[in-house]
Every structure is written in structure tokens, then in C-alpha cells.
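Laboratory data are not the source of any read-out in this text; all were calculated from the coordinates shown. Since the model is a prediction, treat every value here as computed from it, not as a measurement. As a convention, Cβ positions derive from the backbone with ideal geometry for all residues, glycine included, and neighbour counts pool all protein chains shown.
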Amino acid sequence: MVRLRALAAVAAPTAIALGALCWFADLAVDAAVLAVGLVTLAHAALLWRYERSLARTLDHALTVSGDVTMSRPAVGGLSGAYAAACARLEGRWKADLASAAAAAGTGLERVLDGVPEPLVVIDRRRRVLRANRAAERLLGGDLVGRDIAGSLRHPAVLDALDRILGGVQHQEVEFSWPGAVERSFAGHVAGLGGAPAETAPAAVIALYDLTAVKRLERLRADFVANASHELRTPLATLLGFIETLQGPAREDREAAERFLPVMRQQAERMARLVSDLLSLSRIELDEHTLPSGRADLRQIIQTVLDALERQAKENDMTFAVELDPGVTMLAGDPDQLLQVLQNLIDNALKYGRRGTTVRIRGRQAAAPGAGQPIIEIAVSDEGGGIAPEHIPRLTERFYRVDTARSRALGGTGLGLAIVKHIVNRHRGTLSISSELGRGSTFTVALPVPGPMENG
Ligand SMILES: Nc1ncnc2c1ncn2[C@@H]1O[C@H](COP(=O)(O)OP(=O)(O)OP(=O)(O)O)[C@@H](O)[C@H]1O
Ligand SMILES: [Mg+2]
């Protein structure tokens, strides 16, 4: 019906023109009818092709716009349907674009938050556009929209930022950040170029925490300085004696007799130091591999007591050993566990009072929390004790409460550092309790050996 109306509308002008010709110009009516028929037929063919191509395009538009509810209208309604489909398409594209932008935005946000280093993006006015979680943890929340100078108030960083905003591409600065514990940071500031608008992203600031690296650097420098210092003293003494014996006391047999024992003592001290340093570096090297062996605690204690018996007698000291019946085997490297007890009992003898007793206790205990049970081995002395401020530092290399006394007793200051590393390797803990004037207790806690280790 609609098609017929369209055809009539297209053929009407021809029919009117030919009708007028018949009326005024004597055109034969049958010729005019034939002409109208032919023109209408030609129009019908054209209209049919045109409608088919329009309908196919509309079908496609409806499919793309996702409108399954709308059916294709007939020829007369095509233009309206086109307009509706185009409006729907436009709406859908806009919605798709908005959700893609939102997804990209939240994705980027998540990526930035996943970066463990603090990252801040600022605009040309130095205002924060984005800050990841690490940055908020370091600089405080609520950064976005504020001037970065309010939270990252460090002259070096702000100077670097000014240079970047002035057109420089990249700046690196190192600075320390005050707090409960002062931290060191490297700041990388990079210009983003692009739009000159004041609110466009202009620079990104990335901060790297260098505290641990700086601490290691300092420790290494201190360690080299300490080791050299410890070796320099006996070496200087030895050289002094050698020069004397080669020079003024060349023929003095009596002087040689006096000097030689001291020279030997100094040489032994150097040898002990080198051997302790080597031992420490070996233990550190395999600290991450859990020892697979097992060790008989009673046997270890007996070996140490035999070796230190003479020293105990010289100090008029005695040993008291108390081992719970269940505590026999330890999981670990027997040589290293022997080294632990040797160091702790040697300290108890060196720093305990004359005429007192050194107690060695072994017992099984419940681990703190709901962990595996542990074996505790405690070495207690009745010495002068250690002031609380020294306790956390005792396991540092070369740390001594009274350096002169330790040296006089032949100590290198490495014993407890070695103990700590061995205990770490065995996944155990070392705890120290002490009371000034009463004595100290050093307790090593090790995991109870499993059935395999006990086998
Ligand atoms: N039982 C203890 N009582 C009091 N002070 C102690 C005791 N054990 C260790 N210390 C203090 O801790 C310091 C470090 O001990 P550590 O065993 O590491 O070194 P050292 O005994 O001086 O030398 P080394 O053990 O290398 O021969 C000692 O110099 C001493 O000041
Ligand atoms: Mg010691």
C-alpha cells in the first residue's frame, strides 16, 4: 500500500504533463497512457532498487545500534527510522566511549596504586593531579588539588621541580626525610611536556627509599674501618717489637725473652680476628639455606665445657647443666651449634664474677603465639650485667660495652655477631636479658626437630 502511494507520487507529475498534452496539444490518449505506463514501470524498478539498498543499510544500522526491538519500517517510514537508528548509534557510541575512558582511568589508578614507590603527578602550578597510595602513606592523604610544596617541603626537590617546570626534562635529587626514623630518598622528577595549559599534567615525581641501601653502605664502611682498626693495633705492636729487636736490642737476649711472648699474643690475636671474620663471612654466605643435619645437645655442651674447663678454673668458676629429659637432639649443623654455645659460655666466663656459677639450661617450651614448640637453651652468668641501652647493639660486629676490657680478655667483638647469624640460619631467635649488678641470660630458641630430624 505504501509502496503504491510512493509510486503514484513519483508517476503523478508525468501523468499530469501527458494529460495536459492530450488536452491542449492533441496527443493521442493511448500514446499518453502507454507513456505513463512505461515511465511508472521505470520508476517502480528504480524505486525497488533504491528501497532495497536503503533497507539493507538500515538493517545494518539497527544491528550496530543494538536495537533488537525495532523492526524495519516500510519505505515511507525509512527516513524516520534512519534518524532514530542514528540517534541510537550516537547514544551508544557516547556511552561506550565514556565507559572505556572510565575503565582506562580506574585501570591506571590501580596500576599506580600497585607501584610500591611513591608517585605524584603535578600540573604547571605545582598542584597534585594524582598521587598513588605509597605517596599518600609517605606524604599524608588528601594530596590531590594541593600545592606539592605543602607536603614535600624539601628545598632540593622544590628546586628540581622549578627547573622541570622551567623546561628541563629530567632531574635527580637525594634528600633525607625526617620522622620517627630518618629516611633517605632519591627523587626522580621528569617533565611530561605536552599541553601548556596550567592544569595539564606537567611533571611526575617518583621517590625511591634509599634508607636500607645507605645503612648497608654505612655498615660496610664501618666494618672495613673497624676490621682495619682491630688489625692495626696488634700489627703496630708487632712491628714495634721487631724494630726494637733488630735495632737497639739486637744483642739483648733478656729483652727478646720478654718481648717474644707479647709478640706471640699479638700474632694470636690477629689470627683469631682473621679466623672470626672468615667464619662470619662463611656463615653469612649460607645463611639462607636451612641446615639439614642434627646435633646431640648434651654432647655439644660436654665438648664446650671440656674446652673451657681450664678457663673456668682460672676464674674459680663452675658450671651447672640442667637439661629436660625430652631435650636431646637439635635440628641443625653440629659445628655451628657448638660455635654458638662456645661463644655464649665463653662470654659468661669472661664477663661473670669470679667464684660464681655459669648455668646452662635446656628445655622444651611453647612457641610464642600458636607456632611450633621450641627448644630453649639458656646460658646465665652472675656477672656485672649489661645496661639496657647496649643490649640491642650487642650482636653488631665489633660492638663491645667495654672495648678495653674485651680486648684485654682476648675478645674480637665478633662472637655474638657470629651467634646471631648462626641462629638466624637455623630459623631460631636469640634473646638477651640482663640486670645490672646481678648478671645476664642469653637464650637461644630453636625449632623442635621434626620426626625426620629426630629419626
Ligand atoms: N655475659 C655477658 N655479660 C656482660 N657483657 C657481655 C656478656 N656477653 C657479651 N657481653 C658484652 O657484649 C660484647 C660483645 O660480645 P661478643 O661475644 O660479641 O664479643 P667479645 O666477647 O668482646 O669478643 P669475642 O667473643 O669475639 O671473643 C662484649 O664485649 C661485652 O661487652
Ligand atoms: Mg664473646
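Note on the stretch 265-299: among residues that are not charged (D, E, K, R) and not in a helix (DSSP H, G or I), the one that is nearest to S228 (Cα to Cα) is H288.
Taking the stretch 421-449 as the range and being buried (at least 16 other Cβ atoms within 10 Å of the Cβ) and either over 24 Å from P291 (Cβ atoms) or within 12 Å of ligand 2 (Cβ to nearest atom) (or both) as the test, the residues that pass are S434, G439, S440, T441, F442. Each residue in the stretch 190-220 was checked for being hydroxyl-bearing (S, T, Y) and out of contact with any His (no Cβ under 8 Å at 6 or more places or on another chain), and 2 of them qualify. Restricting attention to the stretch 137-158, the residues that are in a helix (DSSP H, G or I) and without any contact (Cβ under 8 Å) to a residue 12 or more places away in the chain total 3. Within the stretch 318-329, the presence of a residue that is free of Cβ contacts under 8 Å to residues at least 40 places away in the same chain, more than 16 Å from ligand 2 (Cβ to nearest atom), within 23 Å of P449 (Cα to Cα) and in a helix (DSSP H, G or I) is excluded. V213 meets the stated requirement of being among the β-branched types (V, I, T) and not in a strand (DSSP E or B). The condition (being within 30 Å of G410 (Cβ to Cβ) and in contact (Cβ under 8 Å) with a residue 12 or more places away in the chain) is satisfied by just one residue among F223, F185, F175: F223. For the stretch 348-361, taking the residues that are away from ligand 2 (no atom under 16 Å from the Cβ) and outside any loop (DSSP other than H, G, I, E, B), the one that is surrounded by the fewest Cβ atoms within 10 Å (Cβ to Cβ) is identified as T357.
For the stretch 209-267, give me each residue that is small (G, A, S) and surrounded by 15 or more Cβ atoms within 10 Å (Cβ to Cβ). Listed by number, the residues that qualify are A227, A249, A255, A256. Residues in the stretch 356-391 that are over 29 Å from A295 (Cα atoms) and not β-branched (V, I, T): G383, G384, G385, A387, P388, E389, H390. Whether a residue is out of contact with any His (no Cβ under 9 Å at 6 or more places or on another chain), part of a helix (DSSP H, G or I) and within 12 Å of ligand 1 (Cβ to nearest atom) was assessed, and I345 passes this test.
For D346, the criteria (1) touching a strand residue (DSSP E or B) at 6+ places or on another chain (Cβ under 9 Å); (2) of a type outside the set (A, V, I, L, M); (3) closer than 28 Å to S279 by Cα hold in every case but one, which is (1).
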